[in-house]
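Have a look at the structure below before the remarks.
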Amino acid sequence: MAAAGGRKIEYEKVRVCAMLFMVMFHCCGSMGGFIDTAGERWLNDGLTLLFITCNSLFFMLSGKFALAVRCGTASDYQRYYGKKLTNILVPILVYMFLRSLWEYGGRFWEISFWKTYVRNVCYDYGGTEYWFLYTLLGLLLLAPLLNKMVANLNKGEIWLLITFGLLFNSICSYAPYVNLHFSWQYIFGSWVFYFMLGYFLEKVIDTPKKENLIIAAGGVCFIISMIQKRFGLVSNIHDLAPTFTMISCAMFFLLKRNYCRKSDFIQHMIMKAGKYSFAVYLIHNPIRDLLFDHILPHVSETAYLPNLLELAVCTLAVSFMLAFLCENTLVRAAKWGAGKIIDRFWSKEEDKSVFI
């Protein structure tokens with residue numbers, strides 16, 4: 001199996017920043033009662049537009065590495081799915097269990113709790129910030145198969161695929177403005193487009209000059225989106241809109257740049273933070289709710305920015321501490337158990353034949 005390679009600092013920066021953006025975005029959602037002035041409304045709109053790129057950045061990172069994995073034999077597929085099972089699915093199930101336990105009041109011995117947990121895992125949590133996981137798992141399931149399609153595309157074909165995706169998402173975004181209910185389907189539309197874009201982007205934007213053009217275009221699209229917000233055109237300007245796609249691509253290249261080349265300490269801290277970023281994503285929102293509603297005294301009765309910074313810093317601090325504890329106890333034990341089960345039931349013999 002040809003792997004995507006180990007973690008590199010430039011992509012860990014994107015991963016860590018995407019996690020920070022997600023926490024900040026959800027904290028911004030708690031600040032509605034502190035927005036009193038026009039300046040604070042502009043600030044909230046701008047920060048929200050920047051921070052919500054977390055979703056597209058996560059999909060792009062996932063696609064970049066998952067689609068680069070080439071499987072040719074049965075053992076390759078076993079190793080790929082075994083790693084995804086232990087490193088992705090097992091932590092998800094553990095943290096969903098802990099969240100269900102918290103929401104249910106800790107009464108794990110009741111049969112009704114286990115019914116609630118199964119219902120949460122199967123569909124209820126799909127309506128929370130965990131929606132990303134349900135989409136991502138399906139894409140990771142197909143990634144080694146999609147690799148066989150995307151690995152040998154030339155630049156012209158990549159641009160064609162990107163154009164189709166942008167066109168489809170544009171129609172989905174803007175058709176409602178003219179009362180058209182566009183209901184066609186496209187296999188690489190919606191968030192799948194960002195998953196594919198993560199793999200393709202650096203193959204076609206492959207020089208510093210092209211990166212700078214994307215960054216400049218992202219800045220223009222940011223201004224356009226802010227103007228849309230000021231005129232009340234807030235529907236469909238995030239997520240799949242082509243302007244937002246350009247902002248996300250610009251953010252990807254900006255964050256990937258090497259700003260800390262000479263600081264080994266900063267790079268080490270980024271790598272450490274990247275290790276726990278998935279766990280922080282999984283646990284931060286209940287912590288934010290708890291801190292905002294019951295624990296934190298507000299820095300100011302009216303000021304938007306101080307309260308936002310207070311909530312974000314405290315949420316991040318508590319989330320990282322709990323992520324560290326959980327990852328090195330419950331999650332580690334669950335991964336170890338899952339690994340033993342996989343080793344027990346999946347053959348270790350190398351299958352040299354092509355898996356069909």
Is it the case that some residue within the range 88-96 is over 18 Å from residue 125 (Cβ atoms) and open to solvent by less than 50 Å² (accessible area, probe 1.4 Å)? no
- Query: Given the structure, is residue 73 surrounded by fewer than 16 Cβ atoms within 10 Å (Cβ to Cβ), in contact (Cβ under 8 Å) with a residue 40 or more places away in the chain and either touching a Phe, Trp or Tyr at 6+ places or on another chain (Cβ under 7 Å) or not small (Gly, Ala, Ser) (or both)?
  - Reply: yes
Among residues of the range 132-172 being among the hydroxyl-bearing types (Ser, Thr, Tyr) and open to solvent by less than 70 Å² (accessible area, probe 1.4 Å), the residue nearest to residue 76 (Cα to Cα) is 135
Just one listed residue, out of 186, 174, is of a type outside the set (S, T, N, Q), out of contact with any strand residue (DSSP E or B) (no Cβ under 8 Å at 6 or more places or on another chain) and either without any contact (Cβ under 8 Å) to a residue 40 or more places away in the chain or within 28 Å of residue 280 (Cα to Cα) (or both), and it is 186
Looking at this structure, is residue 113 aromatic (Phe, Trp, Tyr), modelled with pLDDT under 90 and touching a helix residue (DSSP H, G or I) at 6+ places or on another chain (Cβ under 9 Å)? yes
Those helices (runs of 4 or more DSSP H) completely within the range 145-257 that have 1 or more residues that are among the acidic types (Asp, Glu) are 155-174, 190-204, 208-230
Counting only residues in the range 17-49 that are assigned to a helix (DSSP H, G or I) and β-branched (Val, Ile, Thr), the one surrounded by the most Cβ atoms within 10 Å (Cβ to Cβ) is identified as 23
Of those in the range 71-126 that are hydroxyl-bearing (Ser, Thr, Tyr) and not in a helix (DSSP H, G or I), the residue farthest from residue 322 (Cα to Cα) is 73
Residue hits (the range 173-206; open to solvent by 30 Å² or more (accessible area, probe 1.4 Å), over 29 Å from residue 69 (Cβ atoms) and among the hydrophobic types (A, V, I, L, M, F, W, C)) are 178, 180, 182, 184
Flagged pairs (Cβ under 7 angstrom, 6 or more apart or on separate chains; first in the range 317-343, part of a helix (DSSP H, G or I); second among the small types (Gly, Ala, Ser) and surrounded by 15 or more Cβ atoms within 10 Å (Cβ to Cβ)) are 323/279; 326/279; 327/279; 342/82
In the range 274-290, anything open to solvent by less than 20 Å² (accessible area, probe 1.4 Å) and not β-branched (Val, Ile, Thr) is listed as 274, 277, 279, 281, 282, 284, 285
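The values are calculated or read from the model by the stated rules, or taken from the named source; none is laboratory data. No experiment lies behind these values; they were computed from the predicted model shown. Cβ atoms come from the backbone with ideal geometry, glycine included; neighbour counts cover every protein chain shown. For the accessible areas, the whole protein counts, side chains as well, though only heavy atoms, and no ligand, DNA or RNA atoms are used. Shrake-Rupley method; radii C 1.70, N 1.55, O 1.52, S 1.80 Å.
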